Every structure is written in C-alpha cells, then in structure tokens.
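Read through the structure below, which is laid out as structure tokens, and then see the notes.
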Amino acid sequence: MKAIDTKLLRDLWSLKTQVVSIALVIACGIGAFVGSFSTHESLVWSREHYYDSARFAHLFANAKRAPESLAAKMRDIPGVQEVETRVVRDAQLSIEGVLPPMIARLTGFDLQHPPGMNRLTLRNGRWPAPGARGEVVVNQRFLEARKLALGAQLTVLLNGKRERLTLVGTALSPEYIYATRGGGMPDDEWFAALWIDAKALAAAFNMEGAFNSVVIRLSKNASIEPVIESLDRLLEPYGGFGAVEREEQMSHKILSQEISQQRVWGIVLPAIFLLVAAFILNVVLHRQVNAQRGEIAALKALGYDDRTIAWHYLKFALAIVLLGLMIGVGLGWWLGKAMTGLYTDFFHFPQFNYILPHWLVLAAAGVTLTAAFGGALAAIRGVVRLRAAEALRPAAPAEFRPLMVERLGYAEVFTPSQRMILRNLERKPVRAAITVLGIAGSVAILLAGTFWTDAVEYFMDVQFNKVQRADINIGFAEPVSRSVRWDLLRLPGVKSAEATRAIPVRLRAGHRSYRTALTGLADDAALQRILDPELREAKPLPGGVLLTTRLANRLGVAPGDTLIAELLDGKRIKAKVRVAGAVREMAGMNAYMRLEELNRLARDGDVVSGAGLLVDRAQEPVLLQRLKEVPAAAVVIVNRSLIDTFRETSGRNIIFFTTILTVFAATIAVGVVYNNARIQLAERAWELASLRVLGFTRGEVSVLLLGELALEIAVAIPLGFLAGYGLCALMIALMMHEEVIEFPLVIFPPTYLYAGAVVVAAGIASALIVRNRIDNLDLVAVLKTRE
C-alpha cells in the first residue's frame, strides 16, 4: 500500500464519527430515492402485468337497457378489437350482525362463456355451480375486511326483492384493484363486488336479451376519441351514460395518481438530503485541507504532483460517498419493500412483487457522486492552488473586528461571551448561513412528511362535518317525487331531511369536454353545502351552472361563458347553459344548479334522486333497519362508517411515513450540527484551551462554542417553518394534480412544535457529544500546536 493511501485510511479513522454522520445523511437521501422509485417501479410492474394477464378493457360504457344485437354494431366501429356486454347493478347488501346496510355491485358472470376481458382471478373456494341459485363470488378484500368465511350468507335487495346469496369463492378483478364505489376513498368494509350467474341477474332485473354495461378493447394504435363518439351515438337511444376510457376508470385513476406521487417523493426529498450532504462534505474537506497544510507541503516536497494530491482528497470524499451509498441502497431496499407491503392494504393484485431495478442503483450512485464531488470541488481547488512554500507557513490568523452594535456604542448590550459568539459568526457568515439552511432543511422535511395528518384531518372535518353534514345519505333506484322528503321525515329518528338530484352529464366547451354529475340543490340546502378550503360558502346561482375551479380550468371557461350540457339520463336533453360562477372545492370536479332549474332543464318533473338525513343517534339502529325494507332506497351510506374505515386504513401509512421522515430529518440535523461543532472545535481548540488556562470553566468555554450552535438552531427553526410551508405547497402542487381529491395546505401548530422539537433534540444530542470532547481537551497537547 502506498504511503499516501495509508494516510487516507488514518484520516478516515481519525474523523470516523464525522465520516459516519455524513454517510448517514447521504444514506437517507439514497434510501428515499431508491425506496420511492423502487416502489413506483413495483406498482407499475404489478399494474401492467396484471392488466395484460387479465386483459383489462380500454373503454367502459353504461346504458339503461340496450339489446344484445347492438354488440355486433359496436364490433364494426373502426378501431374496436373486442366487445363484451354484461349486466351490472348496484343493490343494498346486508350481513347478519352488521346493522348499517352495505352496497353490492353485482356483475353477471357466465361460467360456460367466461369473459375474455377483465378476467377474474379465483383466490379461494370455487366458481358458482352451473344453474345453482344464489351462489356468488366476492372480491377478496371484502371477505377479509368483514372476516367472513366461505359459505357465509348475504342478503341483497334485487329489484325490490330480497335474495339470499351464498359465498362460494373469492376473486380479484382489475376493475377493483382499488375497491371504491366512486368517492375516492377505500370501501373494503362497505362495498362488495359480487359475481353472480348472468342469467339469474338478468332475470331479476328484466334484462334478458339485453345489457346495461359494455367493455371494449381497442386495436393497437386505434384513436380513442372517434371510438367513444361512435359508441355514444349507438348507445344514446338506449339511455347511454357516455363511454369513458381507462384513464377515467376510478380504480385505475386512483392507482395512477398514487404511482405518480411516488415519483415526486423520489425526486424532491432526496434532493434536499444530497444538497445538505454536499455542503457538509465541502466543509469537512475544507477543514481537512486547512488542518493539513504542513502535510500537503511535505507531499509536494516529496514529489507528489497536484493531481495526485487532489485525487487523494477526492478519494476521501469517495470513501464517504461509497459508505453512504451502500447503507442507502440497503435502506432503500428495506423502505421500498415496506412501502410496497403497505400498498397491499389499498391495491389488490394477484401478484404484488417488489422490484429493485439495476438502473435505479446506478442512477442513485451517479446522483450521489455528482452531488458529493460538486461539494468537494471547492476544497480540492484549494489543494491544487496551495504552493509548498506557502503551505509550510501557518494560515493567516482570523481578522476580528468590533460588531456593528459595538461600533455604535452599545457594546454593553451583550456580555463578553455573547460578543465573542457573534464575532465568530460574523467572521464566517457564509458557513453560518449554510449551517442554518441545512438545519432549516431538516425542519422542512419534517413538516413535508407530517403535515399530511393535518391535511387529511382537516379535509375529513370539512367534507363530513361542514360540507356533507348528513349522517346518512340515500340514493334512490329511480328518480322519485320531491315530496319523498316528507315521507323520510316520518321515519324514526330523522330530525331533518334534504332532497337532492344528480344527473350524469357531459359538459362541452369547444373541443374540450368532461363527464361529471350535475347536482341540483335546494335554495335552503343545509345538509349539503358548497364550501371552499377557507370555508366560504357558495350557492348555485340563478340562470346558470356553478363549476368547481378545476373543472372550469379543465374546460377553459370563466363566469359568463356558455357550455353545452348533455344530460346522460332521462330524456337526454342537450342545452346551452351559462357559467354563473366558479368555486374551489376540495373534492371532485363538480357542477351545481338550483334544484328547480335542473328539473326544468331535464323536463321530467319535480323529482329527486337522493336525500341526506340528519339522525338522532339513539334511534339510528331502528332507522337503518327500516331503510333496509325500503325497495326504493338502492344505496344507503352511513358517513361515519366511511370516515372510520378511511382513518383506520390510512392511519398505518401516516404513522409509517411520519416515523421514517422523523428519523431522516433528525439525521440531517445531527449531521449538520455535529459536523459544524466538530469543525469549530478543531479550529478553535487552541483558543478554547487558552481560555481554560486563563481560568475559564468548562461550562464557560462550552458556551462559546455551543452558544453558536444554539443561535444557529434558533434562527434555523423559524426559517425551516417557512421553507417547510413552501415545500408542503410544492408537494401539493406536484402531487395533487388529479381531480379525485385535493388535500388543503393545512399545518396545525402541534405539527410545527413537533418539527421544531425533533430538531432541538437532535441539536442537544450533538451538543452533548461535543461538550464531552471539550471537557476532555488535552490542554498541553493543544497549546503546543498552533495552526
């Protein structure tokens, strides 16, 4: 081994704690990068592999009742490769021992001619026997969430008649990777996908020889828009609700949104870690070069050229980077597997493999080396420029000058120790500023990881306590007279009832269009309100439609513009409507009208399609039992149960990510504070030892050094709060570009306190370690050496 390499090993060992602390900061950045991107790749692989094997459809369309003969015409549409028709109906579902009614989505399944698209994967049990009455297969997660066993009995309300069904098997479907009725929240406990004998389901709803749902696969390179237009024209006479492509299918949309969020996490947070690591590495190398001026001079005198010496210090940086890279890849592998495992609670694949691509490890190495060497270059340039004769001379002593307040005559404002602290900060303002920024970065990361709890809680509170204030929501099988409100008020425990109407609609503005629901609200609506994130209420305005701002932006319209509204139900009215206003809502891409005006537009009488009920909790069990016996009530939703399910499911994920980011942020804080303190201790050891000899106590000497760190932390925390707020805003802007849910930027005071407390704790831990070194300074040895 060459002498210069032996020197390298000794340098690394003498600075082992600093080497490890820098490597850990690098490891956190690499771990976040590898973990997020490997989770992203695993989700993409699982999704595409499953879609291919299950032959997931490209287009979905629904109608009231269309004849089977229409399938041949759909197959003749240019670009259509495959067409399958089916019967799909939603119904009330009851399980013995569970009081609130649930929702079942029943899909007709022909065992003799299994579907070629959206193929089911049988997980347990068997398929229903041919001709057997009442045997069904259920989606796997509903069985698990409800802790049911095969052979369990279910009761569904089929077209006003109660039917007993027996679970004989469980299955997975590409349509329900994320099982939801369409509200954007997982409904594993309250929403069951059931596959039942196709003939039995058709007979129950008078659909023999007809269908109400069709799925289509397109040929390669087929244009989607012309196919959708042709399909809509064919289905329109039969009550078609408008075809949607795969990107608008709810399960796929939510899955794709989650996948894109992983990519954002994998870019934003690692960048902060690596920038901090580059800064620390730069400072350490600068210190190492300044401390080894004599050694550098000796190396040059012995014949080592500038390139060899520069490479020697680059290898110092490289050793730290490689250590951080190895730890980071291992951490990323563990983190990726853990996150992939968490997603099994949300996404249901037959095969959910964790993948760590080789290119990802190479990319992590490249990014890390680039960041680290970028931070080391400034120090390396100093090595190259240092001449042997100059290196043999001690470095020029630091130049101290009175503080501004001292020059103004206010020196007595500060104690001598405080003036010494401030002078030292003023002497190296750039390093102090970068130290502050590094600590502030750890605060920002903590806020970016923990504010989601606040955002979700605020969202849930607004949506279910202030927007949707009803305890129970009812959806009717068919539109009913608005007078149903008085019938509902007579039900036991109902304190208030409010009727609404929602009609599926396609809104067009020039070449832009969007499919949503046009919701009609009464002028005095109180159980369903329209609120923006600041809780300002809006009302549907007379003579027009009120749009959410995201929908208005999607359509490229503003208040006063005109839209074409194509109602996809009832008499299929197409009419021009004026945009009366826009409101920023947190959930959905919605459109509202006054109930009376919506009914006039639809031209089918004063009817409603749903109602919200405010209920006396003491009589809620009796009410729910009565609602199970109301054939017109196709859907009954207890909002409280949805909230509990969402919190239970998301709580584990939030705790996991909060814990991980707390550890990461604390690592950054320790890395910055500890390395800065060690470097200052090395640079000022002679000064501190002199003060000890002059009679200063250990505590007084420690204050001079640790007081700087305390001041830097005190400045960094509020800056970190500001930076964290900005980072949270950036994360929301990058991750919440879809229209399912827009979480608000809300950070509660306890979250700020938590972020600040973690960084303070990390600073105290670092300070205690450095204080121990100050207490154990060898005064004689230090005073013999003067740099």
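The values are calculated or read from the model by the stated rules, or taken from the named source; none is laboratory data. Computed from a predicted structure; not experimentally measured. For neighbour counting, all protein chains shown are included, and Cβ atoms are generated from backbone atoms with ideal geometry for every residue, glycine included. When the accessible area is computed, the model is the full protein with side chains, heavy atoms only, and any ligands, DNA or RNA have been set aside. Shrake-Rupley method; radii C 1.70, N 1.55, O 1.52, S 1.80 Å.
Details
- Scan of region 192-230 for residues that are of a type outside the set (Ser, Thr, Tyr) and over 27 Å from Leu111 (Cα atoms), ordered by number: Lys220, Asn221, Ala222, Ile224, Glu225, Pro226, Val227, Ile228, Glu229
- Residue satisfying all of: in region 64-93; among the hydrophobic types (A, V, I, L, M, F, W, C), under 20 Å from Ala634 (Cβ atoms) and at pLDDT 90 or above; surrounded by the most Cβ atoms within 10 Å (Cβ to Cβ) among these: Val87
- Residue check for Leu106: in contact with a Lys or Arg (Cβ under 6 Å, 6 or more places away or on another chain), among the aliphatic types (A, V, I, L, M) and under 20 Å from Val137 (Cβ atoms): yes
- Among the residues of region 332-353, those that are open to solvent by 50 Å² or more (accessible area, probe 1.4 Å) and either under 30 Å from Asn675 (Cα atoms) or not in a helix (DSSP H, G or I) (or both) comprise Trp333, Trp334, Thr344, Gln351, Asn353.
- Hits in region 587-616 (condition: within 35 Å of the chain's Cα centre (by Cα), hydrophobic (A, V, I, L, M, F, W, C) and surrounded by 19 or more Cβ atoms within 10 Å (Cβ to Cβ)): Ala587, Met589, Ala591, Met593, Ala611, Leu613, Val615
- Taken over region 236-248, the residue count meeting the criterion of being at pLDDT 85 or above, closer than 19 Å to Ser223 by Cα and either buried (at least 20 other Cβ atoms within 10 Å of the Cβ) or of a type outside the set (A, V, I, L, M) (or both) is 4.
- When Ser173 is tested against (1) in contact with an Asp or Glu (Cβ under 9 Å, 6 or more places away or on another chain); (2) hydroxyl-bearing (Ser, Thr, Tyr); (3) open to solvent by less than 10 Å² (accessible area, probe 1.4 Å), exactly one condition is not met: (1).
- Strands (runs of 3 or more DSSP E) enclosed by region 143-241 - at least 2 residues per element that are of a type in the set (Lys, Arg): 161-172
Here is a yes/no grid of residues against (1) buried (at least 23 other Cβ atoms within 10 Å of the Cβ); (2) within 30 Å of Gly671 (Cβ to Cβ):
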| site | (1), (2) |
| --- | --- |
| Asn424 | no, yes |
| Val443 | yes, yes |
| Gly449 | yes, yes |
| Glu457 | no, no |
| Gln468 | no, no |
| Gly475 | no, no |
| Val480 | no, no |
| Arg501 | yes, no |
| Val505 | yes, no |
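- Within region 507-537, being within 23 Å of Asp561 (Cα to Cα), crowded, with 17+ Cβ neighbours inside 10 Å and over 27 Å from the mean Cα position of the chain (by Cα) holds for Leu507, Ala509, Ser513, Leu518, Thr519, Gly520, Leu521.
- For region 641-656, the set of residues classified as more than 17 Å from Gln463 (Cα to Cα), open to solvent by 80 Å² or more (accessible area, probe 1.4 Å) and at pLDDT 70 or above consists of Ile655 only.
- Flag: Ala665 does not match the condition of being open to solvent by 30 Å² or more (accessible area, probe 1.4 Å), touching a Gly at 6+ places or on another chain (Cβ under 9 Å) and among the aliphatic types (A, V, I, L, M).
- Residues that are open to solvent by 70 Å² or more (accessible area, probe 1.4 Å) and closer than 12 Å to Tyr674 by Cβ, drawn from region 1-19: none
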